[in-house]
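Novice: One structure, as C-alpha cells, below. Some questions next.
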Amino acid sequence: MAKGEIVLGCLAPHPPHVVYAENPEQNEAFAEGGWETLRWGYHRLARKLKSIEYDSIVIFTPHWQTYIGTHFLGLPKFKSKSVDPVFPNLFRYNYDISVDVDLAEVMCKYASDSGIVSMMMRNPDFRIDYGTITSCHMLNPDWDKPVVTISSNRNAHYYSPEVMNEQASALGEACARAIYESGKKVVLVSSHSLSHRHFVTEAPLPEDMSREHIYNHSQYVWDMKLVDLMRRGEMREVIDIMPEFTEQTIAETEAGGLTWMMAAMGYPDYPAEIYGYQSVIGTGNLIAAWDPLESTRELVL
Amino acid sequence: MEEAEVLFGIYCPPHPQPLLSPEASEGYGKLRSAFDECKNRIEESGADLILVYSTTWPSIIGHQIQAHPEPEWVHVDDDFHFLGSMPYKFRMDVDFAEEFSESAKARGLHSRMVSYDGFPIDTGSVVALKLLNPENKIPACIVSSNMYANRAETIVLGKAARDALKTQNKKAVVVVVSSLSNRMFTEHIDPAEDRIHSSKDDEWNRKILEFFEDGRLEDLSQLSREIHGQIRVQKVVAYKPAWWMAAVMGQHNNYEGEVMAYESLHGSGGAVATLTPSSGSFGDKEFDEDDVEFYHGDRDVLNKGMV
C-alpha cells in the first residue's frame, strides 16, 4: 500500500459570523453580508482545495473541549443541528456529516501508543461542535469529503501553555505517523482565531462592519508578528513563542491546534500562503495554508 | 415592593455521573440521594420558580437567559459521552426570563434572552433540572456565566435576579451549579476508586463546606478570589458562583446550612448543599470589598491613556 501524506495544512478560524454572512441553506439565520475579507479569503482557499486530490479532512477543534484525554469522532454519520451557545442568533446550522472512521481509529491508536490518553467517541446523539462545522463549511461547502474531528485536551487550563505545546506536538507527530500508515491523502485543519479577546456586547446588526475592529492594538501587533513569521516560513519559531503569544493575547491557540498541525507537518520552513486577516467581534482571525508541494505553493497575499 | 422571597438555595455539581451512573460508586449514589432529597424539598416548598445559575454555560455577549418555553433535545457531554445520552424537555418561565433580562439592563448589564429550537443547554443545567425537577412541576429559568465577568458584574447580575423576583412577587428556589475544586483526573479511572484530586483540594473543599454548614454565604462570597486561586483550574477569570448566589439571596450570613453530600466526581469536588434563610445562624459578615448596585462597565484604562 502506498504511504499516506499530508497534502495541505490550513489555519481556518471558525467565528460563526462567516457562515452566517454566507447565507447557506443549512443555516437558519439571515445576514446582509459582512466580514468579506475573511469570506473571500476562504473562497480562494476553497478553490485551491478543489484542485487538490485528497481523501479526508482532519480537524482539531477548540469547541470540543475534553479534560480526560483526546477524543476522536468514531461513527460514520452525524446528522443534526448545531446551535452556537454564544451566538445562537447567528448560527443554527443543519448538518449531515460523514466521518472517516478508519482514519480516526488509526490516529486514536497511534496517539494511544504514544502515551497520549485517547478514546473514540461513539455516542450517536453527540452534537458536532460549531468550530468543526464553520471551518469545514468554509473550506468545503459541498461537504463531499469525510472529516475526522479531534477534541482539544485543555492542557493549557490544567497545566500551562508550555505543557499544551508539548502535548499537542506529541499528538501531531502521532497523527502524522497514523496518516502515513493509513495510505490516505489528508488535509489538516487547525480551527481557531489568533488573538481571542471578544467584545462583550454586540451591535444591533451583527454584520454592521462599521463596528468591527480588533479588541486592542497589542492584540493586533502580536497577530502581525505571527503572520510575519509565517510569511518567512519560520514555523519552528512560531511554535517556540506560542506560550507567550497565547498568554499575552488570550489566544485560541491555547487549545493546541496550530502546534498540533505544525508538528504533524514537521514545522514547515517554507512560506505560508496568507489568504486574509480580519477581526470578528474583536478577535484576530487569519486564514493561512501550508502547501508542502513547492510547485503548487502560491504567494496569495 | 415586597422583599424577594428565596425559599432556599442549592449548591450542586454539574457532572453527569449522579444522573447517568449513580450506581457506579458509593459516592455517586450519595450525591444522587442528595439530589433526590432536594427534589422532594423543592416539591414541598411551594416555589413558583427554580432559578439556575450554571457555571457550565459560558457566555461572551453579556448575560444570556434561557427563554424558550419548552427547550427539548438529547444532550451528550463532551467528556463523559460514554456514560450515555441525556434527553430532556424542560418548562421555562418566559415571563420571569424577560423580567430578569430587563432588570439586568436596568442595572447596567448587557443581557439578552435566548429562545431557539435546539439551543445547547449545558450539562450542568441538564443534570440539575432533570434531577431536581424531573416532572417539570415548577417552571425554571437558567442564566449563563459570562466568561469575562468579574465580581462587580456578577454581584449586579445576582441583584438583578433579586429585583425580578421582587417585581413578580415570586417565591424561588435558587440553584447554583458548580463544582468546589474543579480539577479532574486527566485519565480514565475506575469510578469505585474515585477520590478528590489532591489533599489540598480536599482540605479547601471541606473548609468551604464548613462555611456552608454555618450559613456563612456572604463570607464565602468574600472568599471567592482566594478560592479561585487555591482550587480552581484557571478556565475563567474568577470563581463566581458564590458571588451570584450571595447577591440573589440577600448578601448576609443568616442561613441554616446543610451539607447533604460531598463526594469526588472524577477527582473534582462535588457537593450538594442547601442554604435556607433564617433569623439566626452566624450573622457576622466581613465586607472586605465594596458593595455595588449598578454596573458601570470596564474602566477602560488602556483607551484613556492612563499610566
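Coordinate-derived values only; no laboratory data. All figures in this text were calculated on a predicted structure; none of them were measured in a lab. No Cβ is skipped: glycine too gets one built from the backbone with ideal geometry, and neighbour counts run over all protein chains shown.
Novice: In peptide A:123-131, how many Cβ atoms from other protein chains are near each Cβ within 10 Å, on average? Write out the running numbers ahead of the final one.
Specialist: Values: counts 9, 3, 9, 7, 7, 0, 2, 1, 0.
Per residue, the number of nearby Cβ atoms from other chains is 4 on average.
Novice: A further question on this structure: Quick one: A:S51, B:S25, B:S179, fewest Cβ neighbours within 10 Å first, how do they rank?
Specialist: With the fewest neighbours first, A:S51, B:S25, B:S179 line up as A:S51, B:S25, B:S179.
Novice: Separate question: Report, in listed order, any pair from A:K48/A:K225; A:K48/A:K184; B:K89/B:K240; A:K79/A:K145; A:K3/A:K109 with a Cα-Cα distance greater than 23 Å. If you can, show how the numbers build up before the last one.
Specialist: On the way: A:K48/A:K225 26 Å; A:K48/A:K184 19 Å; B:K89/B:K240 28 Å; A:K79/A:K145 15 Å; A:K3/A:K109 17 Å.
Over 23 Å Cα-Cα: A:K48/A:K225; B:K89/B:K240.
Novice: What FRET efficiency comes out for the pair A:L75/A:H217, r = Cβ-Cβ distance, R0 = 41 Å, nearest 0.05?
Specialist: That gives a FRET efficiency of 0.35.
Novice: Rounded to the nearest 5, what is the percent of antiparallel bridges among the DSSP beta bridges in the range B:31-155?
Specialist: Approximately 30 percent, going by the DSSP bridge assignments.
Novice: What ranking of B:V176, A:V106 emerges when the number of other C-beta atoms within 10 Å of each C-beta is taken as an exposure proxy, fewest first?
Specialist: Arranged by neighbour count, lowest to highest, B:V176, A:V106 become A:V106, B:V176.
Novice: Work out the length of the dipole vector of the range A:5-290 about its Cα centre, built from +1 on the beta-carbon of each Lys and Arg and -1 on the beta-carbon of each Asp and Glu, and round it to the nearest 20 debye.
Specialist: 340
Novice: To the nearest 500 deg cm²/dmol, what mean residue ellipticity at 222 nm is calculated for chain A from DSSP H runs of n ≥ 4 alone, each contributing -39,500 (n - 2.57), summed and divided by the residues?
Specialist: One gets -11000 deg cm²/dmol as the mean residue ellipticity at 222 nm.
Novice: Oh, and also: Have a look at A:W35, A:V117, A:S160 and report the one farthest towards the positive end of the charge dipole of chain A, computed about the Cα centre with Cβ charges (Lys/Arg +1, Asp/Glu -1).
Specialist: Selected residue: A:V117.
Novice: Placing unit charges on C-beta atoms (Lys and Arg positive, Asp and Glu negative, everything else neutral), compute the dipole magnitude of the range A:116-189 about its Cα centre in debye, rounded to 20.
Specialist: So the dipole magnitude of the range A:116-189 works out to roughly 160 debye.
Novice: Going by a ≥ b ≥ c, the root eigenvalues of the Cα gyration tensor, does the protein assembly as shown fall in the rounded group (a/c under 1.5), the prolate group (a/b larger than b/c) or the oblate group?
Specialist: Verdict is prolate for the protein assembly as shown.
Novice: Taking each residue of A:59-72 in turn, how many C-beta atoms of other protein chains fall within 10 Å of its C-beta, and what is the average?
Specialist: The mean count of partner-chain Cβ atoms within 10 Å per residue comes to 3.
Novice: Right, something else. Which residues' amide hydrogens lie under 5 Å from the amide hydrogen of B:A261, considering only partners 5 or more residues apart or on another chain, with H built in the peptide plane?
Specialist: Amide H neighbours of B:A261, under 5 Å, 5+ apart: B:V272.
Novice: Take every DSSP beta bridge with both residues inside chain B and express the antiparallel ones as a percent of the total, to the nearest 5.
Specialist: Of the beta bridges lying entirely in chain B, close to 45 percent run antiparallel.
Novice: Arranged by the count of other C-beta atoms within 10 angstrom, fewest first, what order do B:K30, A:K79 take?
Specialist: A:K79, B:K30
Novice: Further question on the same structure: Students often forget the sequence filter, so: which aspartates and glutamates lie under 19 Å Cα-Cα from A:K185 once same-chain residues fewer than 8 apart are removed?
Specialist: A:E5, A:E53, A:D55, A:D100, A:D102, A:E105, A:D142, A:D144, A:E173, A:D291, A:E294
Novice: How big is the charge dipole of the protein assembly as shown about its Cα centre, in debye rounded to the nearest 20, if each Lys and Arg gets +1 on its Cβ and each Asp and Glu gets -1 on its Cβ?
Specialist: Here the size comes out at about 860 debye.
Novice: Please name which of B:I196, B:S115, B:M245 has its Cα lying farthest along the dipole of the range B:5-304 towards the positive end, using unit charges on Cβ (Lys, Arg +1; Asp, Glu -1) and the Cα centre as origin.
Specialist: Highest projection toward the positive end goes to B:S115.
Novice: Near the amide H of B:M113, under 5 Å away, which other amide H atoms are found, from residues 5 or more places off or on another chain, if H is placed in the peptide plane?
Specialist: B:I65
Novice: Using the eigenvalues of the Cα gyration tensor, what equivalent ellipsoid semi-axes result for chain B when each is taken as the square root of five times the eigenvalue, whole Å, largest first? Present the calculation step by step, with values, prior to reporting the outcome.
Specialist: Details: eigenvalues 146, 104, 85 Å².
So the equivalent ellipsoid measures 27, 23, 21 Å along its semi-axes.
Novice: Return the lysines within reach of B:K171: Cα separation strictly under 21 angstrom, same-chain partners fewer than 8 residues apart disregarded; answer none if there are no such residues.
Specialist: The qualifying lysines are B:K39, B:K130, B:K137, B:K159.
Novice: How many Cβ atoms of partner chains, on average, are near each residue of B:101-114 if near means within 10 Å of its Cβ?
Specialist: 1
Novice: Of all DSSP beta bridges in the protein assembly as shown, what percent run antiparallel (nearest 5)?
Specialist: Percentage antiparallel, nearest 5: 45.
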